[in-house]
2 protein chains.
Amino acid sequence: MSLSKTFSALSEPNRQKILDLLKKGELSVNEIGKYLDVTTPTLSHHLDILKRADLISSRRQGQQIIYSLNFSILEEVAEKIAKFLAVKKIK
Amino acid sequence: MSLSKTFSALSEPNRQKILDLLKKGELSVNEIGKYLDVTTPTLSHHLDILKRADLISSRRQGQQIIYSLNFSILEEVAEKIAKFLAVKKIK
DNA sequence: TATATAATTAGATATATATCTAAATATCTA
DNA sequence: TAGATATTTAGATATATATCTAATTATATA
């Protein structure tokens with residue numbers, strides 16, 4: 001997974017909000033939609049981008065698709081930034 | 001400064017490379033250009049975006065503009081991600 | 001099995017972004 | 001001060017992205 005793809009996924013406010021919502025626990029598309037001011041197809045598009053960036057996962061539960069947060073990529077990003085910043089201290 | 005603007009600035013590969021180059025020390029536009037496969041105006045555009053995101057600073061030195069890395073915003077990003085991830089441990 | 005509900009996919013459109021060439025600006029130097 | 005060098009700004013263009021409506025797919029249920 002490229003850092004660019006991750007940062008790109010993280011750069012959109014609606015997607016940040018989705019991650020914030022999922023932080024508290026998994027949610028269906030419909031439930032997420034209640035907190036965002038976009039149509040369902042637009043929401044679906046944002047979920048797709050987050051999923052391709054491996055920031056979230058999904059599973060079907062009856063008629064609903066339940067999305068949940070993946071922490072690992074964000075942990076990697078934090079680690080990479082920390083490693084990047086580490087040079088500062090070396091100097 | 002919005003997180004979106006920061007992530008957006010960080011999402012482009014050439015800009016990531018610029019930050020990487022500046023990590024080792026300040027450089028002129030011309031020097032940075034040696035490592036990137038873009039024209040000078042394009043490079044100037046990327047520098048402008050990084051500067052607007054407060055990720056780099058510049059000063060004039062004779063005919064050259066010298067760019068240097070700002071660590072603070074990246075430190076903030078790392079901190080925000082860490083804080084975001086902290087909920088995981090709480091639960 | 002027809003209808004309702006949940007979500008995605010398709011297709012269109014408007015805005016943003018990355019890129020280039022050409023022109024402008026700033027500084028240095030012969 | 002004329003010409004060279006360094007960088008930015010202006011303007012054009014092609015690609016990417018966010019958004020919508022309409023259509024499709026998947027599941028549940030009366």
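Checked against (1) in a helix (DSSP H, G or I); (2) open to solvent by 80 Å² or more (accessible area, probe 1.4 Å); (3) in contact with a strand residue (DSSP E or B) (Cβ under 8 Å, 6 or more places away or on another chain), A:K80 meets all criteria but (3).
Evaluate region B:28-44: report whether one residue or more is within 17 Å of A:S4 (Cα to Cα) and in a helix (DSSP H, G or I). Looking for residues that are within 17 Å of A:S4 (Cα to Cα) and in a helix (DSSP H, G or I), one finds none in region B:28-44, hence no.
Going residue by residue through region A:49-68, is there one that turns out to be at the interface with another protein chain (Cβ under 8 Å from one of its Cβ atoms) and open to solvent by less than 20 Å² (accessible area, probe 1.4 Å)? No: zero hits.
Annotation: of all residues in region B:1-22 being open to solvent by 50 Å² or more (accessible area, probe 1.4 Å) and of a type in the set (K, R), the one that is nearest to B:E76 (Cα to Cα) is B:K5. Among residues of region A:18-37 that are at positive phi, those with a Cβ under 9 angstrom from a residue that is surrounded by fewer than 16 Cβ atoms within 10 Å (Cβ to Cβ) and among the charged types (D, E, K, R), sequence gap 6+ or separate chain, pair up as A:G25/B:K91.
All conditions but one from (1) within 12 Å of another protein chain (Cβ to nearest Cβ); (2) open to solvent by 40 Å² or more (accessible area, probe 1.4 Å) apply to A:I73; the one that does not is (2).
Got a number for residues in region A:15-27 being within 10 Å of chain B (Cβ to nearest Cβ) and either within 12 Å of DNA strand D (Cβ to nearest atom) or not in a loop (DSSP other than H, G, I, E, B) (or both)? Give the derivation first.
Keep residues of region A:15-27 that are within 10 Å of chain B (Cβ to nearest Cβ), which gives A:15-16, A:19-20, A:23-25.
Now drop any that are not either within 12 Å of DNA strand D (Cβ to nearest atom) or not in a loop (DSSP other than H, G, I, E, B) (or both), which leaves A:15-16, A:19-20, A:23.
Looking only at that region, the number is 5.
Filtering B:T6, B:T39 for residues that are under 30 Å from A:S68 (Cα atoms) and either within 14 Å of another protein chain (Cβ to nearest Cβ) or near DNA strand D (Cβ under 10 Å from one of its atoms) (or both) leaves a single hit, B:T6.
Only one entry in A:K5, A:K24, A:K34 is under 25 Å from B:I18 (Cβ atoms) and charged (D, E, K, R), namely A:K5. Here A:S44 does not fit the description of being surrounded by fewer than 17 Cβ atoms within 10 Å (Cβ to Cβ) and either in contact (Cβ under 8 Å) with a residue 24 or more places away in the chain or of a type in the set (V, I, T) (or both). On the given criteria, is A:S68 out of contact with any Phe, Trp or Tyr (no Cβ under 9 Å at 6 or more places or on another chain), hydroxyl-bearing (S, T, Y) and not in a strand (DSSP E or B)? So A:S68 does not fit the description; no.
The values are calculated or read from the model by the stated rules, or taken from the named source; none is laboratory data. Just so it is clear, the model here is predicted, and its values are computed rather than measured. Quick reminder, even Gly has a Cβ in these numbers, built from the backbone with ideal geometry, and neighbours come from all protein chains shown. All accessible areas refer to the heavy atoms of the entire protein, side chains included, with ligands and DNA or RNA removed. Shrake-Rupley method; radii C 1.70, N 1.55, O 1.52, S 1.80 Å.
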